[in-house]
Amino acid sequence: MENLNKKTLSFSARLFTHAVAALALVTSVAACGNNGGDGNGGGVVGPQLGITGCSSCVTSMANPLSIDIFNAKNPSGIASLQGMQLIVNGANFVPGTSSSYNLYSGPVAIQGNFILSQTVADPATGQCVIPAGTYGIQTADVGQMSLGTLRVPRLVSTTGNIVLELSEGVLYKDVATQATRLFGTLMIKSVNGQVCTNAFSAVLN
């Protein structure tokens, strides 16, 4: 999504280097960061997390627990994820030492905002147009997380009828701010029922 309405984003070697360095940092940072919790390894609990619209989330996470908040954006800044709540199954969650999530493996859901600073479209077809704006998104099919890596196969917007997929995600702590960030690929699967091509995607960091 470096320029979603014009071309497919190429994978930046510089971005990859930063991501690898950040991933290495996850295992070396000693301070505990729990931006989405209460400082005691806990956090927001219950149906107010917004997973009730995801039946596979409800059945997989009898005790949903919000453990962190993360952000990410593409290199041009056109597309970003902001205030994304990371929700896990509290029944088998154990807080990590370098991060709140690095020991967790199991079902996961996310919710927050997908923000576009300009109107974008599928670069391969010119279709699947999404106007600039802020779109609330939430998990529609339960994702999986393992030691800081995650995949969410289907996210849906609360407005605009957008379906997205998050793959190859890696959570890490920003060196300067200690805020949680995500490195991964975000794909726009459909807009208003119209299926988009695989070119409609972005590497976020």
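The values are calculated or read from the model by the stated rules, or taken from the named source; none is laboratory data. This one's a predicted model, so the numbers in the text were calculated from it and none came from an experiment. Cβ: placed from backbone, ideal geometry, glycine included. Neighbour counts: every protein chain shown. Note: areas computed on protein heavy atoms with side chains; ligands, DNA, RNA excluded. Shrake-Rupley method; radii C 1.70, N 1.55, O 1.52, S 1.80 Å.
Once both labels are modelled 7 Å past Cα along the beta-carbon direction, what's the Val129-Thr159 spacing in nm?
1.8 nm
Counting only heavy atoms of protein chains, what accessible area per residue, in Å², does the range 83-135 have with a probe of 1.4 Å?
35 Å²
Which order do the peptides 138-144, 176-182 come out in when sorted by mean C-beta neighbours inside 10 angstrom, highest first? It would help to have the intermediate numbers written out before the result.
Numbers: 138-144: 20.6, 176-182: 15.7.
Answer by packing, highest mean first, reads 138-144, 176-182.
Within the range 79-172, what whole-number % of the accessible surface is contributed by carbon and sulfur, with the 1.4 Å probe and all protein chains included in the calculation? It would help to have the intermediate numbers written out before the result.
Numbers: 1700 of 3310 Å².
That share works out to 51 percent.
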